[in-house]
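This report refers to the structure that appears directly beneath it.
The values are calculated or read from the model by the stated rules, or taken from the named source; none is laboratory data. From a predicted model like this one, the values you see are computed outputs, not experimental measurements. We place every Cβ from the backbone using ideal geometry, glycine too, and count neighbours over all the protein chains shown. The area values use the complete protein model at the heavy-atom level, side chains included, leaving out ligands, DNA and RNA. Shrake-Rupley method; radii C 1.70, N 1.55, O 1.52, S 1.80 Å.
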2 protein chains.
Amino acid sequence: MIRPHGADALKPLFVADPEQNRQLLTEAETLPSLLLNSAAAANAVMLAAGYFTPLEGFMNIADAMSVASGMRTTSGLFWPVPILNLTHDIGSIEGAGRIALRDPNTDGNPVLAVMNVASIEEFSPDQIATIIKQVYGTSDVAHPGVAVFRTLGKYCIAGDIEVLNFSYFRDEFSDTFRTAMEIREEIHSRGWSKVVAFQTRNPMHLAHEELCRMAQERIGADGIVIHMLLGKLKEGDIPAAVRNDCIRKMVEVYFPENTVMVNGYGFDMLFAGPREAVLHAVFRQNMGATHLIVGRDHAGVGDYYGAFDAQEIFERLPDDALKIEIFGADHTAWSRKLNRVVMMREVEDHTPDDYVFLSGTRLREMLSQGIAPPPEFSRPEVARILMEHYQFEETNRAANG
Amino acid sequence: MIRPHGADALKPLFVADPEQNRQLLTEAETLPSLLLNSAAAANAVMLAAGYFTPLEGFMNIADAMSVASGMRTTSGLFWPVPILNLTHDIGSIEGAGRIALRDPNTDGNPVLAVMNVASIEEFSPDQIATIIKQVYGTSDVAHPGVAVFRTLGKYCIAGDIEVLNFSYFRDEFSDTFRTAMEIREEIHSRGWSKVVAFQTRNPMHLAHEELCRMAQERIGADGIVIHMLLGKLKEGDIPAAVRNDCIRKMVEVYFPENTVMVNGYGFDMLFAGPREAVLHAVFRQNMGATHLIVGRDHAGVGDYYGAFDAQEIFERLPDDALKIEIFGADHTAWSRKLNRVVMMREVEDHTPDDYVFLSGTRLREMLSQGIAPPPEFSRPEVARILMEHYQFEETNRAANG
């Protein structure tokens, strides 16, 4: 199998031994504690699940600046995005060598991890500005990743961590949340050698299904891992269970047995475009994928990045940076001319009218009125699950006035 | 003069009496304390400075939901955006009747305000989703305002506050930061009756200057208040002192005496488009302006709002909502055809080539190479100040390698 990033084996920071976990928790209750921000909590869960191998905790300022400017830690490890624990207030932990990190996203703010504090440093405004510019490619406060990063605070708490749980992900998404270890094991036990990963946070329509199939065929992959980004729901999002049902039904009906795995990971979108695409590749390598599908404007937002910037960044990486390769894709859609799903950049003579498109708004309208989208857009089995969901929602809304 | 919003007189929550301020600070050091997030700290400064008259502190859930859905508090006050103090962790203040609110944006997190806690409540995920949808008009996490709001926490700490200082604004922007009381007084002492406010966070070029002049002439205003949004610098921003010099030089050379005031306020952009435009109007009424210039996509971002949504919302407000009126504007630029600055929607036969435009990137390039932009774009006096700034920056960059 493909090697984990920068290590011979995964280094999950989750404390799996129940006794040791209990002891740490008992100790943690006596330690000075820090309430994490959501970004740091998401990092801790990724570290726990082995996705961020070989990191052993949060970076200090020297590593963060080195990663921001040159995508290497001070010790030379290739890494695309600083992994930071930032805060506005160090009053509760000053002078402490060992602290409890508390979870902002779970009721009662339970302990998420225990940290050996290696350093508490203060970022200068210039350093913060440099990190933002280099990671996000812009310093515009209207960029959602920049907007959030600027709220996190200037104190940088660095050090190794041991993680006690997977925040709300294991409970809330028990059908889909999987660690890098679990996915790697499953790939191994399925006997797959070449494996292509696809990231989504939505139910998959025909165009997405075909994109996965195209990637698999062209790469000659044994299997596909549909790897869902899990996270707190926003209004209008399809609930995780419904999305999961849709994707599993599609896999069951339309893919050969033992060619697709469906699971997910817990993290927040950074909208950092090219840099985030590289991070996506790092943790897909860690879970055992040999290829990652990187689409148009992958992890981008607005007009901050060029359509293929997130693919081109991989061409400029040093040879030894990553073992995983990318499958660079364009949008896919049904072509009325060719009567099949095509990748848009591969059909030069098409105009927009030659494709079957549905806006998100129009699609939701149809589904909630019980009208199935055309089969060139959605598989009927997937449409049925979505129609049930939307009609149930409509009924509920009507009932609640 | 125009009346403050919902009150006969401004209600600044800043404790101006030095003795009382000292006593409160002494008391605050003994109180349980809460570190504010930046959004709540910004609200506290606006409350302190009288801009948010007649509010006396932070809203509870009932008021927040009522404002989100119908732009009225439960007691019927017109208000466009919930003013909230949200947190992830109430451990340090549970059961407390009086607490100290600490400033996340000033070294050492000094006390910013003292609060009488009226209630500590917990927002449900549905309530958070409803507020986001109604205030921002979208629940897309790629919207920077939504992205930040979602990080703030679910506990709602409501109650009246007394504010001890103006965070970093008074010190860092001493030339420009002014309270609503100060501006109202100055308008009064200048003897102005009709007053039009213009919001900016950039140096003003000819198009902005002419927009102010157009508004003044058409309204028949006695004066203009150029009211700068002050805040933490982002990379590439013109430093406040340089921006200030540019604007004051323009006013000195190109406007008649006693027709323009230049000052600023401390707040964060919400990017809430129409709702934020209404908030902008509320606090300009409080500072004594009778009109506010509302441009194209005012307070908007990306494609979330229609170009004139932020003007149209004012047409739908109840008659008694606000006393201030808006001056709805479009972009302005120099017309090569007409040899003057025009408002774009007022010249139907123009194509893009008929205007003198400069992209921000091109403008910075020219200025840093010591090339003055064309006089149809920038006043030479303003260009000179900006060239000095950029050339100084270039020299510095070269010197630092």
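For the stretch B:132-243, what is the relative contact order in percent, using Cα pairs closer than 8 Å and at least 6 residues apart in sequence? Don't jump to the answer; show the numbers that get you there.
Values: 72 pairs, mean separation 24.6, N = 112.
Worked out over the stretch B:132-243, it gives 22 percent.
To the nearest 10 degrees, how steeply does helix A:18-28 sit against the main Cα axis of chain A, on a 0 to 90 scale?
The helix A:18-28 is inclined about 60 degrees to chain A.
Using a probe radius of 1.4 Å on heavy atoms only, what accessible surface per residue do you get for the protein assembly as shown? Whole Å² is fine.
Values: 33150 Å² over 802 residues.
Computed with neighbouring chains in place, this is 41 Å² per residue.
What residues of the stretch A:148-185 lie in the reach of a label at A:Ser75, counting those whose backbone N is under 17 Å from a point 7 Å from the Cα along Cα→Cβ?
A:158-162
Below 8 Å between Cα atoms, with a sequence gap of 6+, how large is the relative contact order for chain A in percent? Can you show the working numbers first?
Working: 755 pairs, mean separation 67.0, N = 401.
17 percent.
Give me the orientation-averaged projected area of the Cα convex hull of chain A, in nm², one decimal.
Working: hull surface 85.1 nm².
Projected area, direction-averaged: 21.3 nm².
Taking chain B as the reference, fit the longest principal axis to its C-alpha atoms, fit the long axis of helix B:180-190 to the helix C-alpha atoms, and give the angle between the two in degrees, 0 to 90, nearest 10.
50 degrees
Using only the Cα atoms of the stretch B:54-102, build the gyration tensor, take square roots of its eigenvalues as a ≥ b ≥ c, and label the shape rounded, prolate or oblate: rounded if a/c is under 1.5, else prolate if a/b is larger than b/c, else oblate.
Working: a/c = 2.69, a/b = 2.17, b/c = 1.24.
Since a/c reaches 1.5 and a/b is larger than b/c, the shape of the stretch B:54-102 is classed as prolate.
Accessible surface of A:Ser33 in the full protein assembly, 1.4 angstrom probe, to the nearest 10 Å²?
Here the residue's solvent-accessible area equals roughly 40 Å².
Nearest 100 Å² is fine: how much accessible area is buried between A and B, summed over both sides, with a 1.4 Å probe?
Numbers: alone 17730 and 17760 Å², together 33150 Å².
Buried: approximately 2300 Å² between B and A.
How big is the charge dipole of the protein assembly as shown about its Cα centre, in debye rounded to the nearest 20, if each Lys and Arg gets +1 on its Cβ and each Asp and Glu gets -1 on its Cβ? If you can, show how the numbers build up before the last one.
Working: 72 positive and 108 negative charges, 136 e Å.
My answer is approximately 660 debye.
Within chain B, what percent of beta bridges assigned by DSSP are antiparallel, to the nearest 5?
Numbers: 25 of 49 bridges.
Once the DSSP bridges in chain B are tallied, antiparallel ones form about 50 percent.
May I ask you to give the percent of accessible area on chain B that is carbon plus sulfur, with a probe radius of 1.4 Å?
On the way: 7860 of 16590 Å².
So the carbon and sulfur contribution to the accessible surface is 47 percent.
Any of A:Lys11/B:Lys154; B:Lys133/B:Lys194; A:Lys11/A:Lys194; A:Lys194/A:Lys249; B:Lys133/B:Lys323 with alpha carbons more than 31 Å apart? Name them for me. Show your work: numbers first, answer last.
Values: A:Lys11/B:Lys154 33 Å; B:Lys133/B:Lys194 36 Å; A:Lys11/A:Lys194 22 Å; A:Lys194/A:Lys249 24 Å; B:Lys133/B:Lys323 27 Å.
Checking Cα-Cα distances, A:Lys11/B:Lys154; B:Lys133/B:Lys194 exceed 31 Å.
Based on the Kirkwood radius over alpha-carbon pairs, what value in µm²/s does the Stokes-Einstein equation return for the translational diffusion coefficient of the protein assembly as shown at 10 °C and 1.306 mPa s?
Details: Rh = 28.8 Å.
Answer, rounded: 55 µm²/s.
Quick one: label points 7 angstrom along Cα→Cβ at A:Asp160, distances to the other copies in nm, smallest first?
5.4
What ranking of A:Arg190, B:Arg296, A:Arg284 comes out by heavy-atom accessible area, probe 1.4 Å, highest first?
On the way: A:Arg190 75, B:Arg296 95, A:Arg284 0 Å².
From most accessible down to least: B:Arg296, A:Arg190, A:Arg284.
Shortest first and in nm with one decimal, please list how far the A:Asp303 label point sits from its counterparts in the other copies (point 7 Å along Cα→Cβ).
1.1
What percentages make up the Cα-Cα pair-distance distribution of the stretch A:178-399 when the bins are 10 Å wide from 0?
7, 30, 38, 21, 4, 0
Once you keep just the Cα pairs under 8 angstrom separated by 6 or more residues, what percentage relative contact order results for the stretch A:178-399? Walk me through the numbers on the way to the answer.
Numbers: 329 pairs, mean separation 46.7, N = 222.
RCO, the stretch A:178-399: 21 percent.
With the solvent-accessible surface defined on protein heavy atoms using a 1.4 Å probe, which residues belonging to the stretch B:191-240 display a reduction of at least 50 Å² in accessible area in the multichain context relative to the isolated chain?
B:Lys234, B:Glu235
Which angle from 0 to 90°, rounded to the nearest 10, does the C-alpha axis of helix B:240-254 make with the longest principal axis of chain B?
That helix lies at roughly 50 degrees to the long axis.
List the distances, in nm and shortest first, from the label point of B:Asp126 to the matching label points in every other copy, placing each point 7 Å from Cα along the Cα-to-Cβ direction.
Result, one decimal in nm: 5.3.
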